[in-house]
Amino acid sequence: MRTKAIGVLAMVLSFGLATSVFAGTAVTVSETEQSGVVAAAANQAIAPESQNLPIETHIGGHIKLGIFDRVNGTSYEPTQKKFDITKSYGVSFKEFDLYVSGKINEWLSFEVDPKFSASTGATPKIGVTWTAVATAPAFSGFSHGKAVVIFALPGEIEMEIGAVHPVFTAEYGRELFWDDEINSGKFAANNNVGSVHDNGIQFYRNFDFGSISMPVYLYYLNGGSTDGFSDVNNEPGAMLHIEPTLGPLTLLGSIYGTRYDAAEKLAWTKWSAGGIFVWEGLTLRSEFVKGKQEKAISVSQDANSEGYYAKVLYKVLPWLQLMIHHETVLENASVPGKAAKYILNAPGAQIFLADSAILELAVDIADFRLTDNSKKVIYTRPSISMRITF
Ligand SMILES: [Ca+2]
């Protein structure tokens, strides 16, 4: 969806312009660095004959700002008992996402989507007395996009290699949550439930059976227990994702498996199932995930996690979309011996100031707690935010 939007909105730059920018950078490096070796290396990086190659380059992106953001609530934990966590985060720069893609020839292209963000630590955590953390904006990886080279193979197969942003759930993999909400919940960007975030190889092909179309994604992945941007063992991960579509209904299904530890003994498996129904201005979307990391809590305790979300979005007017989001996530991977339950309800509205600019009004109503009730945080978080897409 994002790629398509960028395709429509993108500025098409000639490679000549792009190389002149990089050439300018190279000159700056050679002037500031007194070393002739460095200057030679910088100049060599721009091969003169490559400047005239007609590479079609697309640039798009997003800017996210917080205009108003106030957490109101209480937290409980054994030593401090009940305490107030109410705090306002004011106006904030949240994120700048850049999407850069280029077509080198009929069979080779690339996409790199660096994300620059500033975190205020505004999402409350269970049993933690948190404060806003002033964080300078910085490059923070490719978590909302890809960094891949793309090969068009025979038989209408597309192969991507690199940070492939695997589609385990549509919510995270296709970045649908990102289009719906400025602040997301505990389901989407979470390796225990909605996301698989890894480097590897993606094979994609669409199959048509009469009026049913079925995109199929097959992955070979590093398979680490966290973001797998380098591998931790010789065991690859594998994942299959399918999206059979008939008219307004799309079904979603994935299965994932790997061994995540350095000794290659412990399995990590998870699966997801869900659907998307789109009719007129109405969108219904829901996905469920269940997974297990063997002995991730202790030598005798597996980390079992599961969760689901359900969303109803309705475009009441061309410039106004209403939304309600519910999710429940049960996670015990990060809390030794104790499961945590996250319940979120988030009504909201998006006002389209222009096709490419939204003002979002939303309220997160959350109840996060350890299931033995020893620690919990209960809050509401009204926010006003803005996102511009270019
Ligand atoms: Ca591996």
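This table checks each residue for (1) polar (S, T, N, Q); (2) buried (at least 17 other Cβ atoms within 10 Å of the Cβ).
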position	(1), (2)
Val196	no, yes
Tyr204	no, yes
Asp208	no, no
Asp227	no, yes
Asn234	yes, no
Leu249	no, no
Ala267	no, no
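Quick check: is even one residue across the range 272-286 within 16 Å of His197 (Cα to Cα), within 16 Å of the ligand (Cβ to nearest atom) and in contact with a strand residue (DSSP E or B) (Cβ under 7 Å, 6 or more places away or on another chain)?
Within the range 272-286, none of the residues are within 16 Å of His197 (Cα to Cα), within 16 Å of the ligand (Cβ to nearest atom) and in contact with a strand residue (DSSP E or B) (Cβ under 7 Å, 6 or more places away or on another chain).
Give the range 203-234 a look and list any residue that's assigned to a strand (DSSP E or B) and within 16 Å of the ligand (Cβ to nearest atom), or say none.
Within the range 203-234, Tyr219, Tyr220, Leu221, Gly228 meet the criteria.
Report the residue count in the range 243-270 for those that are within 25 Å of Ser286 (Cα to Cα) and either within 19 Å of the chain's Cα centre (by Cα) or near the ligand (Cβ under 10 Å from one of its atoms) (or both).
Final tally of qualifying residues: 7.
Please determine whether any residue of the range 171-178 is of a type outside the set (A, V, I, L, M, F, W, C), in contact with a Lys or Arg (Cβ under 8 Å, 6 or more places away or on another chain), in a strand (DSSP E or B) and more than 16 Å from the ligand (Cβ to nearest atom).
No, the range 171-178 has no match at all.
Matching residues to (1) modelled with pLDDT of 95 or more; (2) buried (at least 20 other Cβ atoms within 10 Å of the Cβ); (3) not assigned by TED's automatic domain parsing to the domain that holds Leu359; (4) not charged (D, E, K, R):
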| position | (1), (2), (3), (4) |
| --- | --- |
| Trp107 | yes, no, no, yes |
| Thr123 | no, no, no, yes |
| Gly127 | no, yes, no, yes |
| Val148 | yes, yes, no, yes |
| Pro154 | yes, no, no, yes |
| Asp180 | no, yes, no, no |
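Could you tell me whether Gly237 is more than 18 Å from the chain's Cα centre (by Cα) and either near the ligand (Cβ under 7 Å from one of its atoms) or hydroxyl-bearing (Ser, Thr, Tyr) (or both)?
Criteria met by Gly237.
Taking only the range 377-390 into account, find how many residues are buried (at least 19 other Cβ atoms within 10 Å of the Cβ) and touching a Leu at 6+ places or on another chain (Cβ under 9 Å).
Here the count works out to 4.
Which residue out of Val71, Val112 is surrounded by 14 or more Cβ atoms within 10 Å (Cβ to Cβ) and touching a Phe, Trp or Tyr at 6+ places or on another chain (Cβ under 6 Å)?
Result: Val71 is the single residue among Val71, Val112 that is surrounded by 14 or more Cβ atoms within 10 Å (Cβ to Cβ) and touching a Phe, Trp or Tyr at 6+ places or on another chain (Cβ under 6 Å).
Enumerate the pairs (first residue in the range 247-266 and touching a residue at least 60 places away in the same chain (Cβ under 8 Å); second residue anywhere and within 16 Å of the ligand (Cβ to nearest atom) and assigned to a loop (DSSP other than H, G, I, E, B)) with beta-carbon separation below 7 Å, excluding pairs fewer than 6 apart on the same chain, so at least 6 apart or on different chains.
Close Cβ pairs (under 7 Å, with a partner that is within 16 Å of the ligand (Cβ to nearest atom) and assigned to a loop (DSSP other than H, G, I, E, B)) amount to Tyr256/Val196.
Conditions tested, residue by residue: (1) under 19 Å from Phe142 (Cα atoms); (2) assigned to a loop (DSSP other than H, G, I, E, B); (3) modelled with pLDDT under 90.
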| site | (1), (2), (3) |
| --- | --- |
| Pro54 | no, yes, yes |
| Ile59 | yes, no, no |
| Gly73 | no, no, no |
| Phe96 | yes, no, no |
| Tyr99 | yes, no, no |
| Gly102 | yes, no, no |
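Please list, ordered by first then second residue, the pairs with beta carbon atoms under 6 Å, 6 or more apart or interchain, first in the range 83-97 and more than 14 Å from Thr135 (Cβ to Cβ), second in a strand (DSSP E or B) and among the basic types (Lys, Arg).
Sorted first by the residue in the range 83-97, then by its partner, the pairs are Ser88/Arg70; Asp97/Lys115.
The values are calculated or read from the model by the stated rules, or taken from the named source; none is laboratory data. Quick caveat, the model's predicted, so the values are computed rather than measured. Heads up, the Cβs are rebuilt from the backbone with ideal geometry, glycines too, and the neighbour counts pull from every protein chain shown.
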